[in-house]
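Please read the structure below before turning to the comments.
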Amino acid sequence: MIALKSTREIKGMQEAGDILTGLFHELEKYVKPGLSTWDIDNFSYKYITEHGATPGELNFEGYKYSTCISVNDMICHGCPSKDIIVKDGYLIKLDTVIDYRGYLSDACHALVVGAASPEVKNLMDVTLTALYKGIDQAVVGNRIGDIGFAIQDYAENELGYGVVRDYIGHGIGPTMHEEPDVPHYGKPGHGMRLKAGMTITIEPMINVGSFECSEPDENDGWTIRTVDGSLSCQYEHTIVITDDGPKILTSFDHEKDSKYLL
């Protein structure tokens, strides 16, 4: 069963999303060469708790950190570490969940430390464009497969990037991972039909090379990398499906996202 969210629940998730995107704006200013991903996680924990919220990922299924920080060829679930030191040109994916008074929002933001190489810039642009192509399909009456197909057809079929299969989007609120599953690949017209009131994440992970993923890192049990060592990027939004179209609850840029705001 998928619970359609009330106006009250959506408002709470929006408030959680505002805290989350506020964190991303601060991290854009904070992250610099010489910091460890451990430092970045500590900064995030302090920001989240000072805003009256809780890091939703902390202690989730044994995860020990407030954020997932995936660097370069890490696809997702990167564990913060004192040994991972940020360097100029690194591609960093910051993924976290905010729990604000029991309401959840989930998002991932990518940034480059210093100057971005053409390869990194292109990958980031493609991943962000793919995300919005998926969001545009999240309308009442469409199906889950329409979201995944739009992403895969653009990033993989048209441009030759690898769209990760093993890690996907999901329903969210009041718990972190709910039905429905939201793959970033698929067939148009297939899968569950979308209804107003559904809240889901769309979070494509796009690789420069193969779509294949490693097994979780044997040391931390979480970190996932590309099998071929190629770069990977991810962007993610939590959205609510409405009769007026998809609405983003985790907007980083309100001017760009004006048509997607509640």
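Kindly evaluate Gly148 against the criterion of being touching a Ser or Thr at 6+ places or on another chain (Cβ under 9 Å) and either surrounded by 23 or more Cβ atoms within 10 Å (Cβ to Cβ) or within 24 Å of Met13 (Cβ to Cβ) (or both). It is false that Gly148 is touching a Ser or Thr at 6+ places or on another chain (Cβ under 9 Å) and either surrounded by 23 or more Cβ atoms within 10 Å (Cβ to Cβ) or within 24 Å of Met13 (Cβ to Cβ) (or both). Among the residues making up the stretch 133-145, those that are touching a strand residue (DSSP E or B) at 6+ places or on another chain (Cβ under 9 Å) and surrounded by 17 or more Cβ atoms within 10 Å (Cβ to Cβ) are Gly134, Ile135, Gln137, Ala138, Val139, Asn142, Arg143, Ile144.
Here His51 clears all of (1) loosely packed, with under 14 Cβ neighbours inside 10 Å; (2) more than 19 Å from the chain's Cα centre (by Cα) except the condition numbered (1).
For the stretch 29-41, state whether one or more residues are touching a residue at least 40 places away in the same chain (Cβ under 8 Å), outside any loop (DSSP other than H, G, I, E, B) and within 24 Å of Ile239 (Cβ to Cβ). No, every residue in the stretch 29-41 fails to be touching a residue at least 40 places away in the same chain (Cβ under 8 Å), outside any loop (DSSP other than H, G, I, E, B) and within 24 Å of Ile239 (Cβ to Cβ). For the stretch 140-158, a residue qualifies if it is of a type in the set (A, V, I, L, M, F, W, C) and over 23 Å from Cys233 (Cβ atoms), and exactly one does: Val140. Any residue at all in the stretch 62-83 that is over 18 Å from the mean Cα position of the chain (by Cα), under 20 Å from Gln234 (Cβ atoms) and either of a type in the set (Ser, Thr, Tyr) or at pLDDT 95 or above (or both)? There is at least one residue in the stretch 62-83 that is over 18 Å from the mean Cα position of the chain (by Cα), under 20 Å from Gln234 (Cβ atoms) and either of a type in the set (Ser, Thr, Tyr) or at pLDDT 95 or above (or both). Across the stretch 143-199, the qualifying residues are those that are aromatic (Phe, Trp, Tyr) and part of a loop (DSSP other than H, G, I, E, B), and the one among them that is nearest to Gly56 (Cα to Cα) is Tyr167. The set of residues in the stretch 46-65 being touching a Cys at 6+ places or on another chain (Cβ under 9 Å) and either acidic (Asp, Glu) or in a strand (DSSP E or B) (or both) consists of Glu57 alone. Restricted to the stretch 204-252, the set of strands (runs of 3 or more DSSP E) holding at least 3 residues that are surrounded by 23 or more Cβ atoms within 10 Å (Cβ to Cβ) comprises 205-207, 232-234, 237-242.
The values are calculated or read from the model by the stated rules, or taken from the named source; none is laboratory data. If you're wondering where the values come from, they're calculated on a predicted model, not measured in any experiment. Note: ideal-geometry Cβ built from the backbone for every residue, glycine included; neighbour counts use all protein chains shown.
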